[in-house]
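Q: Here's a structure for you.
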Amino acid sequence: MPGAFEQWPADVTFGVLGDLIGYAIRRAQIAIYKDFDASIADLTPPMFAALVLIEANPGINQSRLGQIMGVNRATTMALIDRLVDLDLLTRVASVTDKRANALKLTALGQRRRLRAIDEVKSHDARVARRLTKAELATLRHLLGKF
C-alpha cells in the first residue's frame, strides 16, 4: 500500500537511531497512531483522552486537563475549542473557582465517549496482538518507569 508506514524497513540503515529507546518509542507511537486514525477517524488520541479524563474527573478545568495531558495552554485551548465545536463538550461555571470554567461532556459527548471506548479497546487489542499477556504487563511496567 503506497504511503504505508513501515515500523523498521529492512532496506533502511538507521545508524544510532536504532539504538535509541526514545526513537523506538516514537516509531511505535507513529504505528499505533496510524492504526488509531484508520480505526477512529473522527477523534484524535488527545480528543479521546480528553473525553475520558473529563468524564472521570467531574469539575476538572482546562488548565488542570492540560497539566494531566502534558500539553501547553494553547494546545489545550485548541483541543477544548474543537470538542466544543463538535458539541461533545461544554464549559460551565466552576463551583470551586469562579475564575475558571469546569468542563462537562454533552449528551452527544457522553454517547461518543462510550462508543469510542469500544473502538479504542478494539484498536488497542489489534496493535498489541503480537504480545503475550505477560509481555503486555512488562511493557506497561517498563513504560511506567519513564
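Q: So if we plug the beta-carbon distance of W8 and T75 into 1/(1 + (r/R0)^6) with R0 = 35 Å, what FRET efficiency do we get, rounded to 0.05?
A: Rounded to the nearest 0.05, the efficiency is 0.75.
Q: Let me ask something else. What share of Cα pairs, in percent, lie more than 23 angstrom apart in the chain?
A: Counting pairs separated by more than 23 Å, the tail of P(r) holds 48 percent.
Q: Have a look at A50, A100, S63 and report the one farthest towards the positive end of the charge dipole of the chain, computed about the Cα centre with Cβ charges (Lys/Arg +1, Asp/Glu -1).
A: Value: A100.
Q: Quick check: from the Cα gyration tensor, does the stretch 16-75 come out rounded (a/c under 1.5), prolate or oblate?
A: Because a/c hits 1.5 or more and a/b fails to exceed b/c, the stretch 16-75 counts as oblate.
Q: Express in nm, to one decimal, how much length is gained between R82 and A100 on full extension, taking 0.36 nm for each residue of separation and deducting their alpha carbon distance.
A: Value of the extension gain: 4.6 nm.
Q: A follow-up question, please. In debye, nearest 20, what is the charge dipole magnitude of the chain about its Cα centre with +1 on Lys and Arg Cβ and -1 on Asp and Glu Cβ, if you could check?
A: Details: 21 positive and 15 negative charges, 108 e Å.
The calculated dipole for the chain is roughly 520 debye.
Q: Still on this model: Just check the stretch 65-117 against the gyration tensor rule for me: Cα atoms, a ≥ b ≥ c as the square roots of the eigenvalues, rounded for a/c under 1.5, and otherwise prolate or oblate depending on whether a/b exceeds b/c.
A: Because a/c hits 1.5 or more and a/b fails to exceed b/c, the stretch 65-117 counts as oblate.
Q: Assigning unit charges at the beta carbon (Lys, Arg +1; Asp, Glu -1) and nothing else, what dipole magnitude in debye, to the nearest 20, does the stretch 1-76 show about its Cα centre?
A: 340 debye
Q: In debye to the nearest 20, how big a dipole does the stretch 52-118 give about its Cα centre with +1 on each Lys and Arg Cβ and -1 on each Asp and Glu Cβ?
A: 100 debye
Q: Rank by packing, highest mean first: peptides 109-120, 41-52, 90-101, with packing defined as the count of other Cβ atoms within 10 Å averaged across residues.
A: Details: 109-120: 16.2, 41-52: 17.8, 90-101: 11.3.
Averaged packing, sorted descending, gives the order 41-52, 109-120, 90-101.
Q: Per residue, what accessible area does the chain have, given a 1.4 Å probe and all protein chains present, in Å²? Write out the running numbers ahead of the final one.
A: Working: 10030 Å² over 146 residues.
Per-residue value: 69 Å².
Q: In whole Å, how far is the Cα centre of the stretch 83-117 from that of the stretch 1-77?
A: When both Cα centres are located, 22 Å separates them.
The values are calculated or read from the model by the stated rules, or taken from the named source; none is laboratory data. What you see is a predicted model, and the numbers here were worked out from it, not measured in a lab. In this analysis, Cβ positions are derived from the backbone assuming ideal geometry, glycine residues included, and neighbour counts consider all displayed protein chains. Note: accessible area is taken over every heavy atom of the protein model, side chains too, but ligands, DNA and RNA are not part of it. Shrake-Rupley method; radii C 1.70, N 1.55, O 1.52, S 1.80 Å.
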